[in-house]
Amino acid sequence: MKQGDGWTPAHLNRAPEVDLGGSLRAAFAGMRRQKWVIGAVASGMTALALAYVLTATPEYTARAELLLDPRISTTSPSGPDGASLLLSDALVVDSEIRVLTSRGLTTRLAGDLGLFDEGAAAPEAPSGLRAIAEDLRARLLNEDQAAEPAPLLDGAPAETARREAIRREMMRGLDVRRAGNTYIIEIAYSSPDPVFSTNLVNQLIETYFIVEAEENRADSARVSSWLDERVEVLAADVNAADSAVEAYREEQQLYLMTGDILPSQAELSAASTRQIAMRSDLIELRASLEKVRAVIETQSVSGLMDGTLGGEVASPALRDLQTRYAETLEREADLVARMGAGSATVAATRRDQEQLRSLILDEARQIEDRLQARVTTTSQQIAATDAQIAELRERASSDARSSIRLRELEREAALKRAEYETMLGELNSILQIQSFERSPARVIARAVPPDIKSSPRSTRTVLLALFGGLILGGALAFLREAMDNRARRPADLREGLGVPYLGVVPARRIETARPTFAAMRIEADRARKAASGQAPGAAVIGVTGAASSDAARLAASFAGDLAARGARVALVSPGAVPGSAREIATPEAGEPLHISAGLAPSDLADPRSADALARLLGDLRGRADYVVLNLPPLERSAALRALSGLTDGVVLAVGWGRHSLPGLAERLENLPQLRRLLLGGVFTQVKPRKYQSYNGSGGRDDLAFQA
């Protein structure tokens, strides 16, 4: 598609579609094309494996197994039943593996085996390719294989260096690892001597137990000595802390009552309770006093007859008078009903009522005096209680502050006591450990002399080498294919360059490319009709390419094919031989007419040269059926811009497998005028077999060249 004056490939403007089947087929085709790389790498690695198998010294591996008990710590002073300091089971096993392969233990092992003795028989060194591999590994790891000390050392340092070299040489065959996710440690040693392998593995186990026992005894003695001193110090601290607690309690009089309550706090609580009760009583007394005063002020005893003024307030005399007054009221009502309101008996009864009423009011005044006295007394008691509460609060606050310090002293004493008890328990545990030894591991199976070699494993080594060679060769082949960005497929022209694909022209037997030339002729006729309708005249077809040789070869072959079909063809190419259109003869069928434009390469971009060439092509349009113009290559963009506009269409010649696809796309991006005139692209210099291998069945169809 076009964008402004430039051109953007169509595949950059849409989401890529993934063809999994096509991708797999392309990958397999690439592997087939690179089969010689895969075969060479696989064969080479297999040959090396065979040479190694035939020349390597056979080795024998002795094996033994240890079972760890992570509950038994070899480093904690907690003793046999103490928890391990390492929280992860994997770390427990890995730590013991590091102990088994530590320098101190393996140095002692080499001494027990007598490897440090002068003239001692050391393990047989590897030979053949294995020796070469070991030497290379030592050099890469900056190791010294020599068992002799460095020449700059003498005396004790020289002996230490010699022993370390022997130990390293011995360690090369040792393999200590964890068995899966279990607590089992597998110990294996490989050597050409099966007896030496067996002795080394068993002696390693014995040395491990001996070293562990010695370390445990030394550690227990060191820890017990420290714990003994620490227990004595802590015992004195505990006694001092307890004494400080009791002295402070005695000084501040902080003796707790039932429920862990201080005496001041208990008194304050009791006083507060009393104050609340007295305030409640005062409220009740004042209410009764107000009621009595209301009765006295109104001189009505009805307020005293409802029974609400009772309990401790009402006196027995008042209750008796209330009863008698109530009886006179009932008797008056009965007499009025029987004798009438004016009878003498009713009048006598009413006089009795008045006397009783006076007595009740007198009794009420006495009750008022008593209630007022009680109110005064209760108020005084409340005031005294308030003063007592204030004093008790101050005392309770002082006792609380003192109790805080007391609790601090008690906590310090408790902490020291707990530390003392802990240290005492640790000391007892260490003393128990010293009485018997307990190892964190036990032997499951000791090593026995092996009767079957462990390496080299001939079949597996060769098969692995072959398989690895195939994988490595496949990777190299894939890398070669991935880095090859040359134009080889029709899709490269269609999608990579956005150019229609017209066909191929073989490197040999060019005459078999007639289908391609026929497609070019059809596109040329269509372009001519699109440019000038049905007007007579030759179609001018330009041919350009990534290289001038590709364009010249395609132009000559195309012109020859057109002439062989009976067309009058003129083949025009820029050249150094001057010529004129008036001197050009009319082309005849059967053989193309070769014409030089008489233009030097430096003149091709000159507008005057383009005008001269345009006049030449205009004259040829009336004399020939087709004019094939050999244009400059893509790299000469200025000349190509000036000359491509003189054609009805342009065919792009691409040397098959000779040019980078991104490079071609970049050059076409810089030639938008040429892009609009392109009729299609043709692969030249094609090798049929290779073309078919790259394009599969589509390549066979393209190469089915027929007249």
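The values are calculated or read from the model by the stated rules, or taken from the named source; none is laboratory data. Please read these numbers as outputs of a predicted model, since none were measured by experiment. A quick note on method: Cβ atoms are made from the backbone with ideal geometry, for glycine too, and the neighbour counts reach across all protein chains shown. SASA here: full protein model, heavy atoms, side chains in, ligands and nucleic acids out. Shrake-Rupley method; radii C 1.70, N 1.55, O 1.52, S 1.80 Å.
Among all residue pairs at least 6 apart or on different chains, which show Cβ distances below 8 Å where the first residue, located in the range 609-621, is touching a residue at least 24 places away in the same chain (Cβ under 8 Å) and the second is part of a helix (DSSP H, G or I) and open to solvent by 40 Å² or more (accessible area, probe 1.4 Å)? Pairs that qualify, where the first residue is touching a residue at least 24 places away in the same chain (Cβ under 8 Å) and the partner is part of a helix (DSSP H, G or I) and open to solvent by 40 Å² or more (accessible area, probe 1.4 Å), are SER609/ASP603; ASP619/ARG582. Residues considered: ARG178, ARG230, ARG163. Of these, the only one that is open to solvent by 30 Å² or more (accessible area, probe 1.4 Å), more than 20 Å from TYR60 (Cα to Cα) and modelled with pLDDT under 85 is ARG230.
Okay, residues lined up against (1) open to solvent by less than 50 Å² (accessible area, probe 1.4 Å); (2) of a type outside the set (Ser, Thr, Tyr); (3) at pLDDT 85 or above; (4) in contact with a helix residue (DSSP H, G or I) (Cβ under 9 Å, 6 or more places away or on another chain):
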| residue | (1), (2), (3), (4) |
| --- | --- |
| ILE261 | no, yes, no, yes |
| SER264 | yes, no, no, yes |
| THR273 | no, no, yes, no |
| SER280 | no, no, yes, no |
| GLU284 | no, yes, no, no |
| ALA287 | no, yes, no, no |
| VAL295 | yes, yes, no, yes |
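Yes or no, residue by residue, for (1) at pLDDT 80 or above; (2) hydrophobic (A, V, I, L, M, F, W, C); (3) open to solvent by less than 60 Å² (accessible area, probe 1.4 Å); (4) closer than 25 Å to ASN216 by Cβ:
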position: ALA396; (1), (2), (3), (4): no, yes, yes, no
position: ARG405; (1), (2), (3), (4): no, no, no, no
position: GLU426; (1), (2), (3), (4): no, no, yes, yes
position: SER435; (1), (2), (3), (4): no, no, no, yes
position: ARG438; (1), (2), (3), (4): no, no, no, yes
position: ILE444; (1), (2), (3), (4): yes, yes, no, yes
position: THR461; (1), (2), (3), (4): yes, no, yes, no
position: ALA465; (1), (2), (3), (4): yes, yes, yes, no
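When LEU409, LEU321, LEU392 are checked against the criterion of being within 30 Å of VAL245 (Cβ to Cβ), touching a Leu at 6+ places or on another chain (Cβ under 6 Å) and in a helix (DSSP H, G or I), a single residue qualifies: LEU392. Among the charged types (D, E, K, R), in a helix (DSSP H, G or I), open to solvent by 10 Å² or more (accessible area, probe 1.4 Å) and modelled with pLDDT of 80 or more, is that true of ARG553? Judged against the criteria, ARG553 is a match. Output the residues belonging to the range 632-691 that are open to solvent by 10 Å² or more (accessible area, probe 1.4 Å), assigned to a helix (DSSP H, G or I), aliphatic (A, V, I, L, M) and closer than 21 Å to ALA556 by Cβ. Once the filter is applied, which keeps residues that are open to solvent by 10 Å² or more (accessible area, probe 1.4 Å), assigned to a helix (DSSP H, G or I), aliphatic (A, V, I, L, M) and closer than 21 Å to ALA556 by Cβ, the range 632-691 yields only LEU677.
Scanning the range 616-631 for residues that are open to solvent by 20 Å² or more (accessible area, probe 1.4 Å) and in contact with a helix residue (DSSP H, G or I) (Cβ under 6 Å, 6 or more places away or on another chain), we see that the one that is nearest to ALA519 (Cα to Cα) is TYR626.
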